[in-house]
Amino acid sequence: MAASTDLGKDNIKQLLFKMSVPAAAGMMVMVIYQMADTFFIGRWVGTLGLAGISVVSPLILMIQSIGMSVGMGGAALISSALGGKNRQKANEVLGNQVIIAVGLTIIAVGIGFFFERELLLFFGANGDIYPYAESYFNIILWGMPFLTWSMVVNNAVRSEGHAKTAMFAMVVPSVCNIILDPIFIIGLDMGMEGAAYATLISYFIGFFFLVIFFLRGKTHLSLASKYLKYQQKIVNEILALGSASFARQAASSVIAIILNHILFEHGGEVSVAVYGVVSRLFLLATFPIIGLGQGLLTICSFNYGAGKYQRVKDTVTNGIKYGVIVNSIIVVLVFCFDEELTSLFTKDQQLIQESIPAMWGVMAALPIITIGITASMFAQALAKARDALLLTLLRQLFFRIPFVYIFSHFWGVTGTWVSFFFSDLVSIAFAAVYLKRELKKLSKKISISDE
């Protein structure tokens, strides 16, 4: 199959486009379907429904982080193994990914059901928000094992070079969810439960799409039973490399918990709902750089495993350049149409007006966030698990949380949103220093290999 060897031969700029655009497109559709939930709930359930989504989303994200971390960590190992022409290792990695991801998710789901009330309150389901959050959470939790499996296998498929298949694996369930949302929420008048059922069904469809792909034998990778054998060494590698992805997702959940409580304290249910709207718009704005990062990770892992260090360096420098350009354009568009974008989700004028300054604060540093994401993905690609983890924690926890507490203490809700910009600036400066240092090391490897 030519897909794997192409990663080591194609023009870097063309390859970045080829690998990143499908990943970004798949991410875009996933974001749109999340926005569809927010749109229909905001319009037909109301502000409390939006606040309920805002509370449940980070809790679901925490469980999803299992699939994301295992998927991304394993993807780097699979790409590197395929680059070194070790297909046996690649299949063993995939088998162990499935075992640990599904196993951990089932445990997490059990905890979710058993401690439902405590978790929802901890995540910010205060006051009248609770019943809305509960009705959504109870249903969507059943789909988590299927979603986790799909996230793991999707990353494996992309790591082999099947970028378009990985894209469709995200597009198909997302489109399904967008279609089902109005049917359940409006047509059947099911409200929050309707949105949850639409999402649950989409998880099942995504799962079956990838099962069929493997059954058709379109990949060198295999889910045969002989590869589904637990190997501690491989599991340790997967978890080490996936720790950055887990930290990235888990930290987002931790921050959301803090924000939900701070915003409720300073602005009530409306401010919590604002975060629900702004977080969806932020996802929409960042899907290109996340897709670019996934493509970059695959290309760098493969070529580093093959000893083609110049291609690794070219991938990073081109990735940063294109990411900054694209994100700058997105920021301009978002700021030009801020009111129109926030108005998509609600008719509540207070909610619209409070969402606009929040969106400015959260997205102001978007162009240079490219540097931080690239640095973390680069570290994962080169199997530098500790570096990738530290880079992620710098932005999401070490700087963001203190800044949020300090700024909100002095300036309330407004200070909360402004803190995003300043914490991003500081963390990205650290990421830039790290990336410059690592690229110098890579240049030395290039010089040695040229000799």
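The values are calculated or read from the model by the stated rules, or taken from the named source; none is laboratory data. These figures come from a predicted structure and were not determined experimentally. Glycine gets a Cβ as well: all are built from the backbone with ideal geometry, and neighbour counts include every protein chain shown. SASA here: full protein model, heavy atoms, side chains in, ligands and nucleic acids out. Shrake-Rupley method; radii C 1.70, N 1.55, O 1.52, S 1.80 Å.
Just one residue in the set 316, 326 is more than 25 Å from residue 73 (Cα to Cα) and of a type in the set (Val, Ile, Thr); that residue is 326. Among residues that are touching a Lys or Arg at 6+ places or on another chain (Cβ under 6 Å) and in contact (Cβ under 8 Å) with a residue 12 or more places away in the chain, residue 101 is not included.
Here is a yes/no grid of residues against (1) at positive phi; (2) buried (at least 23 other Cβ atoms within 10 Å of the Cβ); (3) hydroxyl-bearing (Ser, Thr, Tyr):
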{"position": "295", "(1), (2), (3)": "no, yes, no"}
{"position": "302", "(1), (2), (3)": "no, yes, no"}
{"position": "306", "(1), (2), (3)": "no, no, no"}
{"position": "317", "(1), (2), (3)": "no, no, yes"}
{"position": "334", "(1), (2), (3)": "no, no, no"}
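Residues that are modelled with pLDDT of 85 or more, under 23 Å from residue 418 (Cβ atoms) and either over 16 Å from the mean Cα position of the chain (by Cα) or in a loop (DSSP other than H, G, I, E, B) (or both) do not occur anywhere in the stretch 376-389. Taking the stretch 74-128 as the range and being open to solvent by 50 Å² or more (accessible area, probe 1.4 Å) and within 22 Å of the chain's Cα centre (by Cα) as the test, the residues that pass are 99, 104, 106, 107.
Filtering the stretch 181-193 to residues that are open to solvent by less than 30 Å² (accessible area, probe 1.4 Å) and in contact with a Ser or Thr (Cβ under 7 Å, 6 or more places away or on another chain) leaves only 192.
Residue count for the stretch 259-276, restricted to those that are open to solvent by 10 Å² or more (accessible area, probe 1.4 Å) and modelled with pLDDT of 75 or more: 9. Note on the stretch 48-60: residues that are over 17 Å from the mean Cα position of the chain (by Cα) and surrounded by fewer than 24 Cβ atoms within 10 Å (Cβ to Cβ) total 1.
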